[in-house]
Amino acid sequence: MDIPTYDVPHTARVYDYYLGGKSHYAIDRQAGDTVMGVWPGARAAARTNRQFMHRAVRYLGQRGVRQFLDIGTGIPTEPNLHQVAQSVAPDSRVVYVDKDPLVLTYADALMRSAPEGRTLYVEADISAGHEGILEQAFEVLDREEPVALSLVALLHFVPDEQGAREVVRALLEALPSGSALVLSHGTHDFDATVMLRVEEIYRQGGMAAQSRSRDEILRFFEGLELVEPGIVPPHLWRPDEQTQRETVEGDLAALVSMWSVVGIKP
């Protein structure tokens, strides 16, 4: 079987490279190295961001949420979201969504649900709209029960001109009371020079990108009730003992340059 080649980098594969995975190509490593040459915190950001996702999913599971819609899934890295959710409640249902055909080749790893629960993989692009995503997601998810919408490390790759706010608003409007929005997002608040240069590198590589400020990110949460501690860097959102042990001394917030936040729909 021939291994496909790619002429342009892709955000999911570059992210896999940051995480130390093996599902990427030379063009992705080149893009990642270029970014890390400007932003040494890229690997730390990927790691702490994923740990934030694990904690947020575990927290929501403990609150009774049993359904998760994860858009911008990326290449599977264990534990995957459904493994975390089903470790809390085996009957949890998870729908994964990503636009990269490469993710589909690993979809079997995303479909190994606990017998009591269920998972589904949908190939779709959030910037193309929400209708198709929801139509397929509700084949597995109950539209009358709360759903956690996970947009982790995704929206900084969906610029305003691609309708990021409109799509997020439409997705949330389709979900019932008690649903949640889980979001992490790159920001230029800590080091504008570095992060705006990173944004430029992504755009030059053919990947849409838009860094957003704290206030811009909070606009995605209008009408939602923020979960304590509100909007913070990912390693500071309800850190567990492992996160506290792994947190290095120094200004990790500036190194990571991301905000994370969870909100509940009243």
- Task: Could you give me the residue pairs with C-beta distances under 8 Å whose first residue belongs to the stretch 70-89 and is more than 13 Å from ALA107 (Cβ to Cβ), whose second residue is of a type in the set (Asp, Glu) and in a strand (DSSP E or B) wherever it lies, and which are 6+ apart or on separate chains?
- Result: ILE71/ASP98; GLY72/ASP98; LEU81/ASP70
- Query: For the subset of the stretch 191-220 comprising residues that are more than 16 Å from ASP33 (Cα to Cα) and charged (D, E, K, R), which member is most open to solvent (accessible area, probe 1.4 Å)?
  - Reply: ARG219
- Item | Answer residue from the stretch 16-26, given it is outside any loop (DSSP other than H, G, I, E, B) and either open to solvent by 40 Å² or more (accessible area, probe 1.4 Å) or touching a residue at least 60 places away in the same chain (Cβ under 8 Å) (or both) and is farthest from ARG43 (Cα to Cα) among those | ALA26
- Message: If the requirement is being hydrophobic (A, V, I, L, M, F, W, C), under 30 Å from ARG203 (Cα atoms) and at pLDDT 95 or above, which of these qualifies: LEU104, LEU60, LEU151?
- Response: LEU151
- Query: In the stretch 179-188, is there at least one residue being assigned to a loop (DSSP other than H, G, I, E, B), of a type outside the set (A, V, I, L, M, F, W, C), more than 20 Å from VAL227 (Cα to Cα) and open to solvent by 30 Å² or more (accessible area, probe 1.4 Å)?
  - Reply: yes
- Qualifying residue in the stretch 63-74 (condition: of a type in the set (Asp, Glu) and modelled with pLDDT under 95): no
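The values are calculated or read from the model by the stated rules, or taken from the named source; none is laboratory data. Computed from a prediction, not measured in an experiment: that's the story for all the values here. Every residue, glycine as well, gets a Cβ built from its backbone with ideal geometry; the counts of neighbours run over all protein chains shown. Quick note on the areas: whole protein, heavy atoms, side chains included, nothing else; ligands and nucleic acids left out. Shrake-Rupley method; radii C 1.70, N 1.55, O 1.52, S 1.80 Å.
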